[in-house]
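Engineer: The following block contains the structure, expressed as structure tokens.
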Amino acid sequence: RAKGEGRGRFHFFEPEMDVKAQNRRLLELDLRKAIGAREFELFYQPIVNLADNRISGFEALLRWNHPTRGRVPPGEFIPVAEETGLITTIGEWVIRQACIDAKTWPSDLRVAVNVSPVQFRAKGLALIVTSAVANAGLIPDRLELEITETVLMHDNEETLATLRQLQVLGVRISMDDFGTGYSSLSYLRSFPFDKIKIDQSFVRDLINNPDSIGIIRAIAGLGQSMGVTTTAEGVETQEQLDQMRNEGCTEVQGFFYSRPVPVSEVASLLSGFGGRGHVAA
Ligand code: C2E
Ligand code: MG
Ligand code: MG
Ligand code: MG
């Protein structure tokens, strides 16, 4: 070998990096066209209240039906949308569409929408939300905005001002993926959230890690003493459901009850399970 090992290694990795970067660039170009091309679709996953075993609402989960790649999962395109700033436009579409869809449901059902930290920091979120609920004719109380702890990491006055503005509008604010951030507890103190969504990693971990049940118990207790709804995410089995009930969680969400479904299947979900959102315990 005439050339050094180091150079050889670089040559080995370079093409792969190119493919990755290229793929990302293509994804970005396609993302720019996706809204106009009506390639986005909202799926809805029911959230079940454990007090009465009824569906209390649905979380909107974004799907991208790419013309050649098929359905691209949010984990793949949302990071790209965030890096390019496209998430602001896409996120506005999500909020507007979720309000329009929720308006067709029974009026005691809420809709939850995920808001990216990038979308949150961009100006005008409160205006978009105001316009979206007004346009759909939805009572603001029926809209929940899910934010992650990343939003509060740069916990400055502007972030808190936006949160307060949104709460004054009458929409609800949930903390999503609770327990995965750096400083989960202190965030709870900085703003009066309406709901805590316990990250699914704790629920998934129950069998292997006995500490997880202690953590879930602590979060449920925290919610009870603070008067905040607690929702356990990622409940897949009867056993997990029973444990969430025992530990005092308010609500559960997960494949046990239903995977996210297209909006056209929401009505049959509600009429199934033996009547208006009444689900099997
Ligand atoms: P998330 O907000 O925590 O949403 C819950 C995710 O867990 C969804 O994945 C859902 O399909 C999945 N899930 C629900 N129940 C179960 C279960 O029992 N087991 C398992 N294994 N998974 C379950 P999805 O739809 O792939 O979304 C992933 C993430 O992408 C979301 O996490 C959210 O952070 C983000 N996302 C989705 N839609 C939007 C959107 O419209 N805007 C923004 N900014 N982010 C979104
Ligand atoms: Mg969420
Ligand atoms: Mg979550
Ligand atoms: Mg998540």
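The values are calculated or read from the model by the stated rules, or taken from the named source; none is laboratory data. Only a predicted model underlies this, so the values are computations on that prediction, with no experimental measurement involved. Note that each Cβ is placed from the backbone with ideal geometry, even for glycine, and that neighbours are counted across all protein chains shown.
Engineer: Pull up segment 247-272, narrow it to residues that are more than 13 Å from ligand 1 (Cβ to nearest atom) and part of a loop (DSSP other than H, G, I, E, B), then point me to the one that is farthest from LEU61 (Cα to Cα).
Structural biologist: GLY248
Engineer: Assess whether ALA98 counts as being farther than 16 Å from ARG38 by Cα and either part of a helix (DSSP H, G or I) or in contact with a helix residue (DSSP H, G or I) (Cβ under 9 Å, 6 or more places away or on another chain) (or both). Walk me through how you get there before you give the answer.
Structural biologist: On the way: farther than 16 Å from ARG38 by Cα: no; either part of a helix (DSSP H, G or I) or in contact with a helix residue (DSSP H, G or I) (Cβ under 9 Å, 6 or more places away or on another chain) (or both): yes.
Spelling it out, it is not the case that ALA98 is farther than 16 Å from ARG38 by Cα and either part of a helix (DSSP H, G or I) or in contact with a helix residue (DSSP H, G or I) (Cβ under 9 Å, 6 or more places away or on another chain) (or both).
Engineer: Taking the condition of being modelled with pLDDT of 90 or more and polar (S, T, N, Q), how many residues in segment 172-192 meet it?
Structural biologist: Residues that pass the stated criteria total 1.
Engineer: Taking ALA34 as meeting all but one of (1) crowded, with 19+ Cβ neighbours inside 10 Å; (2) within 16 Å of the chain's Cα centre (by Cα), write down the number of the exception.
Structural biologist: (2)
Engineer: Oh, and also: Report the residue count in segment 218-244 for those that are under 22 Å from the mean Cα position of the chain (by Cα) and not β-branched (Val, Ile, Thr).
Structural biologist: Residues flagged as under 22 Å from the mean Cα position of the chain (by Cα) and not β-branched (Val, Ile, Thr) within segment 218-244 amount to 11.
Engineer: Here is a further query. Find all pairs meeting these conditions: Cβ atoms under 6 angstrom apart; at least six residues apart or on different chains; first residue within segment 195-209 and under 14 Å from THR250 (Cα atoms); second residue part of a strand (DSSP E or B) and away from ligand 4 (no atom under 14 Å from the Cβ).
Structural biologist: LYS195/THR229; ILE196/THR230
Engineer: I would also like to ask the following. With (1) within 16 Å of ligand 3 (Cβ to nearest atom); (2) closer than 25 Å to ARG24 by Cα as the list, and VAL113 as the residue in question, which single condition is left unmet?
Structural biologist: Among (1) within 16 Å of ligand 3 (Cβ to nearest atom); (2) closer than 25 Å to ARG24 by Cα, the lone unmet condition for VAL113 is (2).
Engineer: For segment 181-192, does any single residue satisfy the condition of being in contact with a Ser or Thr (Cβ under 8 Å, 6 or more places away or on another chain), free of Cβ contacts under 8 Å to residues at least 40 places away in the same chain, of a type in the set (Ser, Thr, Tyr) and within 24 Å of GLN119 (Cα to Cα)?
Structural biologist: So in segment 181-192, the residues in contact with a Ser or Thr (Cβ under 8 Å, 6 or more places away or on another chain) come out as 181.
Right, trim to free of Cβ contacts under 8 Å to residues at least 40 places away in the same chain and you get 181.
Add one more test, that the residue is of a type in the set (Ser, Thr, Tyr), and what stays is none.
No, because not a single residue in segment 181-192 is in contact with a Ser or Thr (Cβ under 8 Å, 6 or more places away or on another chain), free of Cβ contacts under 8 Å to residues at least 40 places away in the same chain, of a type in the set (Ser, Thr, Tyr) and within 24 Å of GLN119 (Cα to Cα).
Engineer: Check every one of the helices (runs of 4 or more DSSP H) wholly within segment 175-242 and list those with 3 or more residues that are under 25 Å from TYR257 (Cα atoms) and either within 16 Å of ligand 3 (Cβ to nearest atom) or small (Gly, Ala, Ser) (or both). Outline the logic, then answer.
Structural biologist: Numbers: elements: 184-190, 200-204, 210-226.
It comes to 200-204, 210-226.
Engineer: Mind listing just one residue for me: the one in segment 47-81 that is part of a strand (DSSP E or B) and among the aromatic types (Phe, Trp, Tyr) and, of those, farthest from ligand 1 (Cβ to nearest atom)? Please lay out each step first, then the result.
Structural biologist: Just the residues of segment 47-81 that are part of a strand (DSSP E or B), to begin with: 47-49, 54-66, 70-72.
Restricting the remaining residues to those that are among the aromatic types (Phe, Trp, Tyr) gives 58, 64.
Values: PHE58: 12, TRP64: 10 Å.
Ranking the candidates gives PHE58 first.
Engineer: Any idea how many residues of segment 138-171 are crowded, with 21+ Cβ neighbours inside 10 Å, at pLDDT 90 or above and away from ligand 1 (no atom under 15 Å from the Cβ)?
Structural biologist: Qualifying residue count, segment 138-171: 5.
Engineer: Continuing with the same structure: May I ask you to verify whether SER258 is closer than 30 Å to THR104 by Cα, surrounded by fewer than 17 Cβ atoms within 10 Å (Cβ to Cβ) and either within 21 Å of the chain's Cα centre (by Cα) or away from ligand 3 (no atom under 16 Å from the Cβ) (or both)?
Structural biologist: On the way: closer than 30 Å to THR104 by Cα: yes; surrounded by fewer than 17 Cβ atoms within 10 Å (Cβ to Cβ): no; either within 21 Å of the chain's Cα centre (by Cα) or away from ligand 3 (no atom under 16 Å from the Cβ) (or both): yes.
So SER258 fails the test.
Engineer: Do any residues in segment 154-178 that are at positive phi have Cβ atoms under 6 Å from those of residues that are more than 16 Å from ligand 1 (Cβ to nearest atom), where the two are at least six apart or on different chains, and which pairs are they?
Structural biologist: GLY170/PRO140; GLY170/ASP141
Engineer: A further question follows. Looking at segment 71-82, is at least one residue closer than 26 Å to VAL266 by Cβ, more than 16 Å from ligand 3 (Cβ to nearest atom), within 14 Å of the chain's Cα centre (by Cα) and buried (at least 17 other Cβ atoms within 10 Å of the Cβ)? Please lay out each step first, then the result.
Structural biologist: Taking segment 71-82 as the starting set, the residues that turn out to be closer than 26 Å to VAL266 by Cβ are 71-78, 81.
From the residues that got through so far, the ones that are more than 16 Å from ligand 3 (Cβ to nearest atom) too are 71-72, 76-77, 81.
So of that shortlist, the ones also within 14 Å of the chain's Cα centre (by Cα) come out as none.
There is no residue in segment 71-82 that is closer than 26 Å to VAL266 by Cβ, more than 16 Å from ligand 3 (Cβ to nearest atom), within 14 Å of the chain's Cα centre (by Cα) and buried (at least 17 other Cβ atoms within 10 Å of the Cβ).
Engineer: Continuing with this model, one more query. Before we move on, is VAL133 buried (at least 22 other Cβ atoms within 10 Å of the Cβ) and either hydroxyl-bearing (Ser, Thr, Tyr) or within 16 Å of ligand 3 (Cβ to nearest atom) (or both)? Write out each step before concluding.
Structural biologist: Numbers: buried (at least 22 other Cβ atoms within 10 Å of the Cβ): yes; either hydroxyl-bearing (Ser, Thr, Tyr) or within 16 Å of ligand 3 (Cβ to nearest atom) (or both): no.
Answer is no for this residue.
Engineer: Continuing with the same structure: Among the residues in segment 226-240, are any modelled with pLDDT of 95 or more, surrounded by 16 or more Cβ atoms within 10 Å (Cβ to Cβ) and under 14 Å from PHE58 (Cβ atoms)?
Structural biologist: Yes, that holds for at least one residue.
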